[in-house]
Amino acid sequence: MSSPEEIKLYVGSKFARYGINKQRELARLLFEISKRESVPAGSIIEDASRVYPVIKKELLARRYPGSAPASSMKDVYLPAVDIDPANEARVEKSPVISPSVIYYEEGTADSAVLGDFRKHFPGKEFIRIPRLRDHIRGNRYGIRDYNSRRDVFYIVNEKYDFFKKCPCTKNCVCCGYYIFNLYFGCPYECTYCFLQEYTNSPGIIIPANLDAYFGSFRHERGHIRLGTGEFSDSLILDSVTGFSSKIIDFFRNYPEVVFEFKTKGNNIENIIRTEPAPNIVVSWSLNPQKFIERNEFYSADLAGRISAAVRCVEAGYDVGFHFDPVVYGVNWKREYREVVDMIFDSIDADRVRWISLGTFRFSRELKKVIENRFPRSDILDGELLIGFDGKLRYTDDVRAGIYSDMAKWIKHRSSRPYVYLCMESKKVWEASGLKPVFTWK
């Protein structure tokens with residue numbers, strides 16, 4: 001493939017007669033075709049003398065061969081190619097949790113959380129700050145700072161947003177999920193993670209005042225499903241903080257609430273040492289092993305996740321699974337069906353509470369971040385068009401086909417788990433043959 005700079009120079013010299021917007025679109029299409037097909041950009045356009053609409057239509061058909069709307073440009077997103085090699089993510093063989101410095105707010109010095117961090121990270125630098133807000137005021141954080149987020153941890157007294165309803169994307173069928181905002185920032189390094197868009201984040205933020213979360217929740221009532229895992233992996237820091245045991249012991253007193261831990265890891269020791277409760281579910285995000293190796297760095301492998309789920313079931317917990325994001329490709333059916341079979345070959349289906357399905361989707365702003373942080377990843381090479389909610393998605397037909405097939409594979413093995421879609425339109429729900437009946441009891 002040709003580099004972004006080579007493509008820009010090529011377009012600038014070969015198509016100097018076009019304006020800046022047309023050159024931008026040509027460079028974008030040539031870049032994606034060159035990367036997707038591993039061919040030099042200069043070999044893609046056979047006759048550069050043709051008029052622009054003809055060239056563009058030809059390139060669109062080549063870039064999006066299976067997507068009928070591509071020829072109209074209505075749903076295609078063609079931003080400028082803007083990739084800086086200095087922004088590439090650091091994916092190296094090192095401990096996933098090994099901060100260089102831990103900042104802590106005034107008022108947290110005597111907290112159990114800070115004490116746990118001192119015990120687990122002796123010799124590290126601990127620096128007291130007045131407030132995180134004041135500490136970062138005036139600073140501008142970018143991709144390179146995000147790449148270094150695992151080096152800097154902040155222990156704070158959280159005062160806001162302890163508990164809130166999931167901000168479901170517009171025009172989607174909402175499942176009514178509620179979020180327990182425990183951490184902000186995730187040490188795992190997933191190529192598709194939406195948190196990359198938050199490049200103004202200074203590091204990994206951990207609350208010292210878990211009791212304040214519990215105090216806030218005591219005012220809530222009703223049959224709801226609630227969980228951590230929105231802005232970080234639920235359990236990745238649990239070996240340090242021990243939050244899971246305290247959360248389980250608190251929510252066992254609220255049997256009308258179903259509490260979920262979501263993880264890509266196998267850090268479950270505190271959970272299995274804690275007496276289980278019927279309203280506590282531990283769930284795992286799953287993908288084929290090849291996908292995990294290429295896109296979910298530092299996380300547990302597939303076998304490790306399934307093994308951790310088995311251990312939780314043996315300890316008395318129900319479990320759940322999330323196929324999100326499902327990434328569409330040549331061998332997707334074989335690879336994902338193998339994972340479905342792996343679940344039911346290993347775990348009693350009566351202990352699997354739910355399985356969610358969601359295909360790869362992301363905001364337009366995130367596309368450039370992924371390209372900069374993971375320039376060799378092929379995760380953006382699929383036919384992703386602007387969808388009903390403004391995010392880049394596979395077409396409705398592709399998504400509905402994926403969900404329909406996966407639901408059939410699951411139901412073939414067991415009708416016990418509730419199968420539902422995450423962040424999807426009513427139209428795709430109906431086309432998939434699934435019904436949104438959200439009862440989290």
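The values are calculated or read from the model by the stated rules, or taken from the named source; none is laboratory data. Nothing here was measured: the structure is a model prediction, and the numbers come from that model. All Cβ positions, glycine included, derive from the backbone under ideal geometry; neighbour counts span all protein chains shown.
Could you list all residues from the range 238-261 that are assigned to a strand (DSSP E or B), crowded, with 22+ Cβ neighbours inside 10 Å and of a type outside the set (D, E)?
Let us first name the residues in the range 238-261 that are assigned to a strand (DSSP E or B), namely 257-261.
Subset that is crowded, with 22+ Cβ neighbours inside 10 Å: 258-261.
Within the range 238-261, V258, F259, F261 qualify.
Hey, among K246, K159, K170, K164, which residue is more than 24 Å from L132 (Cβ to Cβ) and of a type outside the set (A, V, I, L, M, F, W, C)? Please lay out each step first, then the result.
Values: K246 fails: more than 24 Å from L132 (Cβ to Cβ); K159 fails: more than 24 Å from L132 (Cβ to Cβ); K164 fails: more than 24 Å from L132 (Cβ to Cβ).
The match here is K170.
With respect to G176, determine if the residue is touching a strand residue (DSSP E or B) at 6+ places or on another chain (Cβ under 8 Å), on the phi > 0 side of the Ramachandran plot and touching a residue at least 60 places away in the same chain (Cβ under 8 Å).
On the way: touching a strand residue (DSSP E or B) at 6+ places or on another chain (Cβ under 8 Å): yes; on the phi > 0 side of the Ramachandran plot: yes; touching a residue at least 60 places away in the same chain (Cβ under 8 Å): yes.
The answer is yes for G176.
Could you say whether any residue in the range 140-159 is touching a Lys or Arg at 6+ places or on another chain (Cβ under 6 Å) and of a type in the set (S, T, N, Q)? Outline the logic, then answer.
Pass one, the range 140-159, residues touching a Lys or Arg at 6+ places or on another chain (Cβ under 6 Å): 147.
Right, trim to of a type in the set (S, T, N, Q) and you get 147.
Checked against the condition, which is being touching a Lys or Arg at 6+ places or on another chain (Cβ under 6 Å) and of a type in the set (S, T, N, Q), the range 140-159 yields at least one hit.
Being surrounded by fewer than 19 Cβ atoms within 10 Å (Cβ to Cβ) and over 19 Å from the mean Cα position of the chain (by Cα) is true for just one of G390, G401. Which residue is that? Lay out the reasoning, then the answer.
Working: G390 fails: over 19 Å from the mean Cα position of the chain (by Cα).
On inspection, the qualifying residue turns out to be G401.
Report, ordered by the first and then the second residue, all pairs with beta carbons closer than 8 Å, sequence separation of six or more or different chains, a first member in the range 254-270 that is within 13 Å of I280 (Cβ to Cβ), and a second member that is surrounded by fewer than 18 Cβ atoms within 10 Å (Cβ to Cβ) and of a type in the set (S, T, N, Q).
N270/S239; N270/S245
For the range 9-35, give me the residue count where each residue is crowded, with 16+ Cβ neighbours inside 10 Å and either of a type in the set (G, A, S) or within 31 Å of the chain's Cα centre (by Cα) (or both).
Of the residues in that region, 12 qualify.
Out of the residues in the range 145-191 meeting the condition of being surrounded by fewer than 20 Cβ atoms within 10 Å (Cβ to Cβ) and of a type in the set (G, A, S), tell me which one is farthest from T108 (Cα to Cα).
Among those residues, the one meeting the criterion is G176.
If you scan the range 323-339, which residues turn out to be under 18 Å from the mean Cα position of the chain (by Cα) and either of a type in the set (A, V, I, L, M, F, W, C) or assigned to a loop (DSSP other than H, G, I, E, B) (or both)?
Residues satisfying the conditions are F323, V326, V327, Y328.
Residue check: is G222 surrounded by fewer than 19 Cβ atoms within 10 Å (Cβ to Cβ) and either within 30 Å of V327 (Cβ to Cβ) or in the same structural domain as C174 (by TED's automatic domain parsing) (or both)? Outline the logic, then answer.
Details: surrounded by fewer than 19 Cβ atoms within 10 Å (Cβ to Cβ): yes; either within 30 Å of V327 (Cβ to Cβ) or in the same structural domain as C174 (by TED's automatic domain parsing) (or both): yes.
For G222, the condition - surrounded by fewer than 19 Cβ atoms within 10 Å (Cβ to Cβ) and either within 30 Å of V327 (Cβ to Cβ) or in the same structural domain as C174 (by TED's automatic domain parsing) (or both) - is met.
Residues of the range 278-322 being at positive phi and under 20 Å from the mean Cα position of the chain (by Cα), which ones? I'd like the intermediate steps shown before the answer.
The initial filter retains those residues of the range 278-322 that are at positive phi, namely 298, 316.
Listed by number, the list holds a single entry, Y298.
Can you confirm whether L235 is of a type in the set (A, V, I, L, M) and part of a loop (DSSP other than H, G, I, E, B)?
Working: of a type in the set (A, V, I, L, M): yes; part of a loop (DSSP other than H, G, I, E, B): yes.
Against the criterion (of a type in the set (A, V, I, L, M) and part of a loop (DSSP other than H, G, I, E, B)), L235 qualifies.
If I ask for residues that are surrounded by fewer than 17 Cβ atoms within 10 Å (Cβ to Cβ) and either in contact (Cβ under 8 Å) with a residue 12 or more places away in the chain or touching a His at 6+ places or on another chain (Cβ under 8 Å) (or both), which ones from the range 130-144 would you list?
Just the residues of the range 130-144 that are surrounded by fewer than 17 Cβ atoms within 10 Å (Cβ to Cβ), to begin with: 130-131, 133-135, 137-142, 144.
P130, R131, H135, N139, R140, Y141, G142, R144 - these are the residues of the range 130-144 that are surrounded by fewer than 17 Cβ atoms within 10 Å (Cβ to Cβ) and either in contact (Cβ under 8 Å) with a residue 12 or more places away in the chain or touching a His at 6+ places or on another chain (Cβ under 8 Å) (or both).
Does V81 qualify as being surrounded by 14 or more Cβ atoms within 10 Å (Cβ to Cβ), at pLDDT 95 or above and not in a helix (DSSP H, G or I)?
Working: surrounded by 14 or more Cβ atoms within 10 Å (Cβ to Cβ): yes; at pLDDT 95 or above: yes; not in a helix (DSSP H, G or I): yes.
So V81 passes the test.
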